[in-house]
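Encoded as structure tokens, the structure appears first; notes follow it.
The values are calculated or read from the model by the stated rules, or taken from the named source; none is laboratory data. What you are looking at is a predicted structure, and each value in this text was computed from that prediction instead of being measured. Glycine gets a Cβ as well: all are built from the backbone with ideal geometry, and neighbour counts include every protein chain shown. Quick note on the areas: whole protein, heavy atoms, side chains included, nothing else; ligands and nucleic acids left out. Shrake-Rupley method; radii C 1.70, N 1.55, O 1.52, S 1.80 Å.
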Amino acid sequence: LEVLKGKSKTLRILEAPPRDAAKLSWRQVGGGFLAQSADDVTGDTASFEKAAEATATDEQMTDLRLAWTIVKHVKSNAIAVAKDGRLLGMGSGQPNRVNSVRIALEKAGDEAKGSSLASDAFFPFSWNDSVEKACQAGVSVIAHPGGSMRDSDAVECCDKYGVALFTTGVRHFKH
């Protein structure tokens, strides 16, 4: 908060109470509204279930929680890459997840080595796709909701590269 206050003399910071977890989220759709459970899961409240053999360090888990919190607020095929308490790269709004991964890793550059990556939805493909591209770039930890028919491919790919993989059971996917 102090860092933000120092950025601009005209910056206004508003404080709002947390949203009640029991509330619904409303979206306007053609001819009506869609009501769905509010997405109130953050990196601090998510349950990260280990899915692959490799383990993550405490620092990597802290970065994974940060990436998971950020990816929640990014739209459509969102990917967030974090390391050392910073967002290194983000990809979103692409027609497929692999392009979002590519963009996020390009932004992260060489700092992607040892980073943590979070995806707002499951990986439909792993080999020569999103998961393998992240592994080849040096990402150390990956989190996604899980639930794909090909989740076992993501596990096998991460095991091959020695990357820790976690599932959360929560899909953040927004449009």
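A few points about this structure:
- Any chance ALA121 is at pLDDT 95 or above and under 16 Å from the mean Cα position of the chain (by Cα): no
- Taken together, the residues in segment 137-151 that are closer than 19 Å to ALA56 by Cα and either open to solvent by 50 Å² or more (accessible area, probe 1.4 Å) or in contact with a helix residue (DSSP H, G or I) (Cβ under 9 Å, 6 or more places away or on another chain) (or both) amount to 9.
- Enumeration of residues in segment 152-169 that are farther than 21 Å from GLU59 by Cβ and surrounded by fewer than 19 Cβ atoms within 10 Å (Cβ to Cβ): SER152, ASP153, VAL155, GLU156, ASP159, LYS160, GLY169
- Residues that are crowded, with 24+ Cβ neighbours inside 10 Å and charged (D, E, K, R), drawn from segment 90-106: ARG97
- Across segment 2-25, the qualifying residues are those that are open to solvent by 100 Å² or more (accessible area, probe 1.4 Å) and modelled with pLDDT of 80 or more, and the one among them that is farthest from VAL155 (Cα to Cα) is THR10.
- Subset of segment 26-44 that is farther than 30 Å from LEU4 by Cβ and either part of a loop (DSSP other than H, G, I, E, B) or of a type in the set (Gly, Ala, Ser) (or both) - its residue that is modelled with the highest pLDDT: GLY32
- Condition check for LEU87: within 13 Å of ILE142 (Cα to Cα), in contact (Cβ under 8 Å) with a residue 12 or more places away in the chain and open to solvent by 50 Å² or more (accessible area, probe 1.4 Å): no
- Residue count for segment 81-111, restricted to those that are within 16 Å of ARG65 (Cα to Cα) and small (Gly, Ala, Ser): 3
- Condition broken by MET61, with the remaining ones in (1) touching a strand residue (DSSP E or B) at 6+ places or on another chain (Cβ under 9 Å); (2) without any contact (Cβ under 8 Å) to a residue 60 or more places away in the chain satisfied: (2)
- Condition check for SER47: surrounded by 10 or more Cβ atoms within 10 Å (Cβ to Cβ) and modelled with pLDDT under 80: no
- Given (1) open to solvent by less than 10 Å² (accessible area, probe 1.4 Å); (2) over 21 Å from PHE48 (Cα atoms), number of the condition ALA67 does not satisfy: (2)
- All conditions but one from (1) basic (Lys, Arg); (2) more than 21 Å from SER148 (Cβ to Cβ); (3) touching a Gly at 6+ places or on another chain (Cβ under 8 Å) apply to LYS23; the one that does not is (3).
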